[in-house]
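Working notes, beginning with the structure itself.
Nothing in this text is a laboratory measurement; each read-out follows from the coordinates by a stated rule. Keep in mind the model is a prediction, meaning the values are calculated, not measured. Note that we place each Cβ from the backbone using ideal geometry, even for glycine, and neighbour counts take in every protein chain shown.
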Amino acid sequence: MDAGGEERPKDTYLNEKQIRQFFDIAEAAGTAFSRDNYLATCLLFSTATRKMELLGAKWEEFDFDELLWTIPAERTKPRREFLVPLSPQVIVWLDELKIRACGSDYVFPARKQSRVPHVYHDTLNHAFKNLNLPFTLAPHDIRRTTRTLLAKLGISDQVAEICLNHKLPKMQHIYNKYSFLPEKREALLMLAEAFCACLPEKEQ
């Protein structure tokens, strides 16, 4: 069940044409789909992270010299620290968000009075539902889309699964402690480039 209580299929993903269509519609929606929502969606497509890993992120997690985002263990589903390499385009979007954050500790601070200091967990879900899309899409479907794109780009299953912070098969998870950071960096760079090619021209 999603945040709205509606039963959802678990095989939804977008092809490149549909990604372009989504962002054309999101851009045309103007203030009905805020710039924060737009940038959050771009970052989800480009980093393959989970929704609340992104929406709950603090600026202190980002190392702009090393081009790395360190998600602390307590904020990941597997409860282990996770390193996300940052591509050049992701840095551009983060720079814009830094300005928009107006000094907040959070990348996506709450814009209204809220129980939490960052964007609420169902904000993006509602924003998606309010778009007049010709297909069904929820934020979690983006991870399925990014996993499919990584495969299409020729990224190995092992590296693609690591990019999504999925556990390796049991024995590999126990004995293989290599971080795969260079491989993740290359994969996410390719993912961001493929994704950006689907954006409206002014965003590329």
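At a Förster distance of 22 Å, what's the computed FRET efficiency of residue 32 paired with residue 114, Cβ-Cβ distance as r, to 0.05? For residue 32 and residue 114, the calculated efficiency is 0.65. The trypsin sites (Lys or Arg not before Pro) found in segment 33-99 that occupy coil by DSSP, while having at most 10 further C-beta atoms within 10 Å, are 79. Of the peptides 89-96, 158-165, 179-186, the ranking by mean beta-carbon count within 10 Å, highest at the top, reads 158-165, 89-96, 179-186. Kirkwood hydrodynamic radius of the chain, from the reciprocal of the average inverse Cα-Cα distance over all distinct pairs: 17.6 Å.
What is the calculated FRET efficiency for residue 20 to residue 156, with r their C-beta to C-beta distance and R₀ = 25 Å, to the nearest 0.05?
Values: r = 27 Å, r/R0 = 1.07.
Computed FRET efficiency for residue 20 and residue 156: 0.40.
Distance between the C-alpha centres of segment 17-54 and segment 120-171: 12 Å, rounded to the whole angstrom.
Where a ≥ b ≥ c are the square roots of the eigenvalues of the C-alpha gyration tensor, would you call segment 1-117 rounded, which needs a/c under 1.5, or, failing that, prolate if a/b is larger than b/c, or oblate? In terms of gyration-tensor shape, rounded. Over the chain, DSSP H runs of length four or greater, each weighted -39,500 (n - 2.57), average out per residue to a 222 nm ellipticity of -13500 deg cm²/dmol. Using the structure shown, select from 58/167; 51/77; 77/152 the pairs with a Cα to Cα distance greater than 19 angstrom. Pairs exceeding the cut-off: 58/167; 77/152.
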